[in-house]
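The values are calculated or read from the model by the stated rules, or taken from the named source; none is laboratory data. On a predicted model such as this, the values are computed, not experimentally measured, just so you know. Heads up, the Cβs are rebuilt from the backbone with ideal geometry, glycines too, and the neighbour counts pull from every protein chain shown. SASA here: full protein model, heavy atoms, side chains in, ligands and nucleic acids out. Shrake-Rupley method; radii C 1.70, N 1.55, O 1.52, S 1.80 Å.
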Amino acid sequence: MLRALFQWFDTHPHSYWLILTLPSLLWLASAVQPIFETGKRRGSWKSDAAFLVLLLGTLVAWRWPHWLNANPFNPDESQFIAGAITLTRDPLFWRAVDGTTSGPLNFYALLPLHGLGLPLDYFSARLTGVLLVWMAIVGCYRLFVSWYGVAPGRLAVLPLTAFFAVATDADFLHYSSEHVPLALIAIAAWGLFRCYAPGEKRWGFLAGGLVAGMLPWAKLQTAPIAATLVLLALGRVMTEPDLAKRGRIRAGLKLIGAAALPSLVIIMVIGAAGQLGHLYRDYLVQNFSYLDQNWSTGSAVRQLWVFSLESRNLPAFGGIAIALIVFAGIAGKAASKKAFIAAGILTGVAVWCVVAPKRPSLHYTLLAIIPLGLWAGTSIGELWNQGSRISSRRLWAAVAAVGALGVIVGIRAAQGAPAMFGEFADHWRRPRSATGNIVRALTNPDDRLAVWGWMDRVYVETGLPQATRESETFEQIAPSRQQQHYRDRYVGDITRTRPAVFIDATGPGAPYFNDRAASSHEIVPALAEFVQNNYRLLTDLGYALIYVRADRFAARPLSDSELWRMVSGSRRDPDPKGPLSLSPRRLVRKKIYGRTVQMMLPPAEMVWALDGTERELYLDYGFDPKAVESGKGNGAEIIAELQVAEGPPRQVFNRSIDPVKRSDDRGNLSSRIILPPFPPGSKLVVRTTPGEFGDNAWDWIYVGQVDLVRAPFFSPDQFPNYSRVPEAIVSEYSSLLESNGEKLLMTHAPTSMRFSLGGTERRLQFDYGFQPGAYTGDGQTDGATFVVELKRGDQTSSVLFSRQLDPVKSEADRGRLHADITLPALQPGAQLVLRIDAGQSPGWDWTYFTHLQIEETPR
C-alpha cells in the first residue's frame, strides 16, 4: 500500500500544493478572525486551541515530504540520533555519549517520541524538530497575547510561522542543535518577559528562569542568550515600583536560583557518576577549542549570506522583520517601549552568538530567528496599539499578513514542489546505504557498532548503539588540543565494549576523510593492534573498510554475491568524486522538477575518471519542460560511453528523446546501466547529440543525478549466465549485449579471468565462441585460443582445456560451442583461470564465454 501511495506521489507533484492548501487557509483564517471581534483582548481557550492545532497542521503540511527522505541532511542529524539510540542502553550522558560541542538536552529530546513507539530515525528526528518549532511559536504567541491581546498576537506570529513552514534549506530541515534552544528561548521569554504586560502576574518568573538555565545544556553557544534573558528580567524586577527593596532582592535571588538549578542538578548527577572530568574536558574545554579555526568573522558572515541565497527564505524573513522593526520604531513610536527594546537587545546578543564561532553553518542562524521574530512581532503589536479605529487595525493586519505571507510564501511557491516528489518510492525501497545493509546482515539488535571517521548514518540505518562515546572521530583524526585525550578514550571504549562490527570510514569517497594513509585507524597504534588481533576484514568498499569481530566473522560468512546484493540494493547517493571535465566548460546549471540539474545543450559532454570498481551507472536525464511546452524541437540523443587509454569508445547506453512527439519521453527519466568489466584508468563519457539534421534548437536536455555504484567485487549482472562471478578479470574491450534474445558478455581477446576455488568444485561447463560478425561479411578474425588452467599454490599451472578456433577458415569453429570438464580433486585455495589468447592480430576477435557453470559436490 505504501509503495503504491509513494509511486502516486512521485507522478503527482501537484498533490503537494493541494495537501497544504486547506490547513494553511484554515490557519490563516483563524489568525485574522479576531481582528473583527472588537473589544476582546483575550480569546477563549477553545479558539486558542484551534488556532494552535491549525498552526501545527500548517507546519506539518508544508514540511512532511522532507521527513521521508532517507538521507541525512546534515551529519549532525545522524550524530544526535546515534546518541539517542545509545542512551536507550545507558541513559547517563558523558558516560555513554559525548556530544562534543552539543549538550545532552539535544539528545534526550529525541526520546519522547521513541517512548511512544516511533523508531529513532530521520523521520522521528525531523518530526521532533517541527514539534519543537511549534512549541517555540506557541511560546512567542502566548507572550504576544499577554502583551497586546489575541488579534495582534496571532498576527505577530505570521512571519515566524511562514519562515519555518516554507523552509527548504537542508540546514533548516534537519534536526539540529538549534531546535531545542529554539523552544527554550521562546518559552523562557514567555515566562520572563510577561512582566511587561499590564497587570500580569509574576508567577512565570521562576519557570522562565528555570528554562533559561537549561539553555547552556542544549548548546553552550546559547549561554549569552540565557544570561541576557535572565538579566533583562532581573533588571525589570529590580526596578519594579510596586515592590519594596527587600521584595525586589528576594525576587531577584529566586530568579537567579531558578536559572542556576539546572546546572546544579546536572553537575550533581554527573559528579555522582564520576564523569565530571568528561563534562569539563569534553564539553566546556571542547566548546572553546572549537573556536580555533581559520575563518574570520567577515568571511564567515559572507559565506552565510551566500548559503542563504540558495532558497532566499532567510533573507526574505530577515528583510520583512527589519522593515517592520524600522517602521514600528519610526511610525509606531515603538523605540521607547520596554518590550520593543528588550526584544532588540535579545536579537543583538543572538546575532553575536551566531557569528562568534566564525563558522559559516547556516543552521546557526536559527538561534537568531526566535529573538528576531519576537522583535518583529513586538513591532506588529506596537503598530496595532497605534490604531485608534477598527479600520486602522485592519490596515495593520493587512500589512502583517499580506506582507509577510505574500513575500515568503511567494518565494517558496516559485521553487516548486519538494525534490522528494519523484523519489518517494526509491527512498522507501532503498532506505539504507551499502554499509548499513551489510552491517545489518552481520549484527544482532543487542550488538554495538564502532565507526572510525565520519559515517554516523550507519548507526541510524542499523539502530545499533555506539561502542564509543562519540559517533564520529573528527577530534581523534584532525589536529586539536585534546587529540591524545580523545584517542586514548576511544581505544578504552572500544576495548571495553568489543563491538560486533568496526568500520574504518576513510578512503576515496568517504565523508571528510578521503586520504586513508593520513586518517585511517592505523594512525593510532593501540587501535590498529586491537583491530588486527580481534577483527577480520570483510570487505573494502573504497570509502569504508568493514571489519567483523573474529567470532562473528566465522559464524556469519558473506559471499561476494551476497555482499553485492546488499550494495546494489542500497541508497543511491550522488557520486562523491564528480565529473573530471565538462565541455563546453560553461554549462549552465538549473533547477528542474525541484532538483538542480546540468543543462547539456548538444553537443555537450561530461567525463568521469574511473578506478575500475564501478559496477553500475544510474542516470537521471530529461528535457526542460519549457522546451516541451513550446511545441518545437526535434529531440536529442543522450549517450554513455566507456573509454580506455587506447582504442575506440564502447557505447554502454544510447537513448533518443523526443518529448514533443512522445509522451513517454517527458518528465524526469532514469536509467540503470550495467557496466561491463573495464581496466582502471578508463573514463566514462556522458554526452548529448542534436536531433535530426543536426538541429539543436530547443534541445534543452539536461542530466540530473549521476550515480556510480562501486564495489571491490563484481556484480552478477556483469556476468550474465555465470553461476559464479570471477574474482578478477583482465579484458580491455569487454561489452554487454543482447544476442538471440539473451544477455551476453563479450570479452574481446586477449582476456583472462580468475576464480578462487573452495575445494568442493567437481565440474566446469561453459559455452564459448565468436560472434557471427567476426567471421561473416567484413569480419576477418584470424582466430583465438580458449584455455582453461588450474593453479595449485606454487605448482606449475596445468591445462585442463585448450582449443584454438579459426571460424573464417573452419565452419566447425563457428557458432556457439560447449565444453564440459571434470575437475580433479582440489584443495581450498586453488584457482581456475579461463583465458582467451588472440591470434597474430586481436582485430575482429569478438569472443565470449557464457553459460558458465561451476558445480560443487559437498564433502
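Extension gain ALA555-THR21, at 0.36 nm per residue separation less the Cα-Cα distance, in nm?
Roughly 186.8 nm would be gained on extension.
Could you check the spin-label model distance between SER581 and LEU291? Points 7 Å from the Cα along Cα→Cβ, value in nm.
4.8
What does the accessible area per residue of the chain come to in Å², with a 1.4 Å probe and no ligands, DNA or RNA counted?
Numbers: 36040 Å² over 859 residues.
Here the residues of the chain average 42 Å² of exposed surface.
Based on the inverse mean of 1/r over its pairs of different Cα atoms, what is the Kirkwood hydrodynamic radius of region 294-378, in Å?
13.5
From the square roots a ≥ b ≥ c of the eigenvalues of the alpha-carbon gyration tensor of region 87-189, which class results: rounded (a/c under 1.5), prolate (a/b over b/c), or oblate? Display every interim value, and only then the final one.
Working: a/c = 2.36, a/b = 1.94, b/c = 1.22.
The shape class here is prolate.
Calculate what fraction, in whole %, of the accessible area of the chain sits on carbon and sulfur atoms when a 1.4 Å probe is rolled over the protein chains.
Values: 20940 of 36040 Å².
For the chain, the apolar C and S fraction of the accessible surface comes to 58 percent.
Need one number: % antiparallel among DSSP beta bridges in the chain, to the nearest 5.
95
Expressed in nm to one decimal, what extension gain is obtained for the pair ILE249 and ILE341 from 0.36 nm per residue of sequence separation less their Cα-Cα distance?
Gain in length upon complete extension: 30.8 nm.
Given a Förster radius of 60 Å and the C-beta distance between GLU727 and THR239 as r, what FRET efficiency does 1/(1 + (r/R0)^6) yield to the nearest 0.05? Please report the intermediate quantities before stating the final value.
On the way: r = 81 Å, r/R0 = 1.35.
About 0.15, to the nearest 0.05.
Once you have the Kirkwood Rh of the chain from its Cα pairs, apply Stokes-Einstein at 25 °C and 0.890 mPa s and quote D in µm²/s.
Translational diffusion coefficient: 79 µm²/s.
So what does log10 I(q)/I(0) come out to for region 502-561 at q = 0.16, 0.28 Å⁻¹, using the Debye formula with one equal point on every Cα and no solvent?
Once normalised to I(0) and log-transformed, intensities are -0.52, -1.13.
Would you calculate the separation in nanometres between label points at ARG816 and ILE267, each defined as 7 Å from the Cα along the Cα-to-beta-carbon direction?
Each label point is offset 7 Å from its Cα along the Cβ direction, giving 8.0 nm.
What are the principal axis extents of the Cα atoms in region 809-853, in Å, biggest first?
Between the extreme Cα coordinates on each principal axis of region 809-853 lie 40, 21, 16 Å.
In cubic angstrom, how much convex hull volume per residue do the alpha carbon atoms of region 205-322 span?
Measuring per residue, one finds 169 Å³ for the Cα hull of region 205-322.
What does region 35-141 give for Rg and for Dmax, in Å, if only its C-alpha atoms count?
Rg, Dmax (Cα atoms, Å): 17.5, 58.
Taking R0 as 51 Å, what FRET efficiency do you get between ALA4 and GLN840 from their Cβ-Cβ distance, rounded to the nearest 0.05?
On the way: r = 60 Å, r/R0 = 1.18.
Result of the calculation: an efficiency of 0.25.
With N set to the residue count of region 419-561, report its C-alpha Rg divided by 2.2 N^0.38 Å to two decimal places. Write out the running numbers ahead of the final one.
On the way: Rg = 15.3 Å, N = 143, 2.2 N^0.38 = 14.5 Å.
So region 419-561 has a normalised radius of gyration of 1.06.
When you take every Cα atom in region 533-620, what is the radius of gyration, and what is Dmax, the widest Cα pair distance, in Å?
Answer for region 533-620, Rg first and Dmax second: 18.9, 57 Å.
Just check region 452-509 against the gyration tensor rule for me: Cα atoms, a ≥ b ≥ c as the square roots of the eigenvalues, rounded for a/c under 1.5, and otherwise prolate or oblate depending on whether a/b exceeds b/c.
Since a/c reaches 1.5 but b/c is at least a/b, the shape of region 452-509 is classed as oblate.
Along the charge dipole of region 603-712, Cβ charges K/R +1 and D/E -1, which of TYR618, ILE639, PRO712 sits furthest on the positive end?
Going by the Cα projections, it comes out as PRO712.
Debye calculation, C-alpha points only, no solvent: report log10 I(q)/I(0) for region 683-747 at q = 0.16, 0.17, 0.21 Å⁻¹, in the same order as the q values.
For the requested q values the scattering log ratios are -0.81, -0.86, -1.01.
For region 573-704, what is Rg from Cα atoms divided by 2.2 N^0.38 Å, rounded to two decimals?
On the way: Rg = 14.7 Å, N = 132, 2.2 N^0.38 = 14.1 Å.
Expressed relative to 2.2 N^0.38 Å, the Cα Rg reads 1.05.
Suppose each label sits 7 Å from its Cα in the direction of the beta carbon; what would the GLN651-GLN484 distance come out to in nanometres?
With each label placed 7 Å out from Cα toward Cβ, I get 6.4 nm.
Provide the FRET efficiency to the nearest 0.05 for the VAL409-VAL53 pair, computing r from the beta carbons and using R0 = 22 Å.
Given R0 = 22 Å and the Cβ-Cβ separation, E is 0.60.
Over region 2-111, what is the relative contact order in whole percent, taking alpha-carbon pairs under 8 Å and six or more residues apart?
Working: 46 pairs, mean separation 23.6, N = 110.
Averaging sequence separation for qualifying contacts and normalising by length gives 21 percent for region 2-111.
Full-extension gain between GLU529 and ALA609, please, as 0.36 nm times their residue separation minus the C-alpha to C-alpha distance.
Length gained between GLU529 and ALA609: 25.3 nm.
Can you spot the lysines whose alpha carbon is less than 30 Å from LYS337's alpha carbon? Ignore those fewer than 8 places along the same chain.
Within the straight-line cut-off, LYS337 pairs with LYS40, LYS201, LYS245, LYS254.
Based on the mean of other Cβ atoms within 10 Å per residue, sort peptides 721-730, 295-304, 377-386 so the most packed one is first.
Ranking, from highest mean packing down: 377-386, 721-730, 295-304.
Going by alpha carbons, how many degrees (0 to 90, nearest 10) lie between the helix axis of 15-32 and the longest principal axis of the chain?
The angle comes out at about 0 degrees.
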